[in-house]
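The values are calculated or read from the model by the stated rules, or taken from the named source; none is laboratory data. Note that the structure is predicted; figures quoted are calculated from it, not measured. Cβ atoms come from the backbone with ideal geometry, glycine included; neighbour counts cover every protein chain shown. Just the protein is used for accessible areas: all its heavy atoms, side chains included, with ligands, DNA and RNA removed. Shrake-Rupley method; radii C 1.70, N 1.55, O 1.52, S 1.80 Å.
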Amino acid sequence: MDIGKRFDAVANRYDTPEKYKRSEDFLKAILENLPDTKNFKVMDIGAGTGILDIMLAPYVKEIVAFDLSEGMLNVFKEKIEKNNINNIRIYKHDILTQSFPEKDFDLIITSMTFHHLDDPVETLKKLKEYLKTGGYIAVIDLYKEDGTFHSDNTDVKHFGFDEKDVENWLKESGLEKVKYQIVHTITKEREGQKRDYPVFMIMAIKR
């Protein structure tokens with residue numbers, strides 16, 4: 001089963017209280033580390049059911065969101081209509097393999113993208129093409145520890161990444177690190193024991 005179909009199967013179980021709290025933390029971190037965003041055009045890779053995008057929408061000019069899951073995007077569309085949001089466009093589109101005509105974004109948000117890719121540097125180079133000079137990318141992912149993390153909602157296996165590795169990938173792709181911080185922790189229970197998995201955000205700029 002491909003990634004999109006995996007998430008299709010769990011779309012209605014994706015909007016957990018933990019997911020909302022995590023998105024609130026990401027929103028706060030993004031806004032704290034950026035200049036005035038009211039005129040920003042934002043690209044979101046892997047938007048899911050749109051929790052973060054809907055929270056971000058009042059603070060930016062426009063959001064263009066992408067996902068591979070039809071199920072996720074249907075939930076997202078319902079939220080947009082219900083809340084009468086008019087500055088979000090969503091697409092079922094693989095932005096990493098299929099070209100998109102717009103190249104003038106002020107901010108790209110990419111969450112958990114590296115888990116499904118073979119070459120993070122090439123991925124960042126592709127994403128950089130969509131940024132304005134002076135535009136930002138916010139990479140949100142799991143901090144590397146001594147094991148693997150399994151998503152709450154799918155059978156996708158997630159591995160963490162080391163700060164230095166991601167910083168080197170950014171540098172090799174021509175992006176300059178601005179800020180690194182642990183934004184959130186995900187608590188998982190395994191074999192009767194609870195454990196926290198840190199989630200980081202690394203912000204970089206295109207000079």
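For the chain, the solvent-accessible area with a 1.4 angstrom probe is 51 square angstrom per residue. In terms of accessible area, using a 1.4 Å probe and ignoring ligands and nucleic acids, Arg195, Arg22, Arg207 rank largest first as Arg207, Arg195, Arg22.
Which pairs break 18 Å Cα to Cα here: Lys28/Lys144; Lys21/Lys179; Lys41/Lys132; Lys28/Lys164; Lys61/Lys103?
On the way: Lys28/Lys144 23 Å; Lys21/Lys179 21 Å; Lys41/Lys132 10 Å; Lys28/Lys164 24 Å; Lys61/Lys103 16 Å.
With Cα atoms farther than 18 Å apart: Lys28/Lys144; Lys21/Lys179; Lys28/Lys164.
Whole number please: convex hull volume per residue of the Cα set in the chain, in Å³?
Details: hull volume 24.4 nm³, N = 207.
Roughly 118 Å³ of hull volume per residue.
Which value at 222 nm does the chain reach when only helices count, each DSSP H run of 4 or more adding -39,500 (n - 2.57), with the total divided by all residues and rounded to the nearest 500 deg cm²/dmol? Kindly include the intermediate steps, with their values, before the conclusion.
Values: 6 runs with 60 residues, N = 207.
One gets -8500 deg cm²/dmol as the mean residue ellipticity at 222 nm.
Sort 75-85, 46-56 by the packing proxy (mean of other Cβ within 10 Å over each peptide's residues), most packed first. Can you show the working numbers first?
Working: 75-85: 13.6, 46-56: 23.1.
Per-residue Cβ counts within 10 Å, averaged per peptide and sorted highest first, yield 46-56, 75-85.
For the listed peptides 15-21, 120-126, a ranking on the average number of other beta carbons within 10 Å per residue, highest first, reads 120-126, 15-21. Proximity of backbone amide H atoms, modeled 1.01 Å from N, is registered between Gly135 and Lys206 at under 5 Å, excluding neighbours fewer than 5 places apart on the same chain.
How high is the relative contact order of the chain, in percent, counting Cα pairs under 8 Å that sit 6 or more residues apart?
On the way: 380 pairs, mean separation 39.8, N = 207.
Relative contact order of the chain: 19 percent.
Among the protein heavy atoms, those of Ser69 account for about 0 Å² of accessible surface (1.4 Å probe, every chain in place). Surface composition of the chain: carbon plus sulfur atoms contribute 45% of the solvent-accessible area (1.4 Å probe, protein chains only, all chains present). Projecting the Cα atoms of Gly71, Tyr59, Gln98 onto the charge dipole of region 53-126, computed from C-beta unit charges around the Cα centre, puts Tyr59 farthest toward the positive end. Computed about its Cα centre, the charge dipole of the chain is approximately 440 debye, with only Lys, Arg, Asp and Glu carrying charge at their Cβ.
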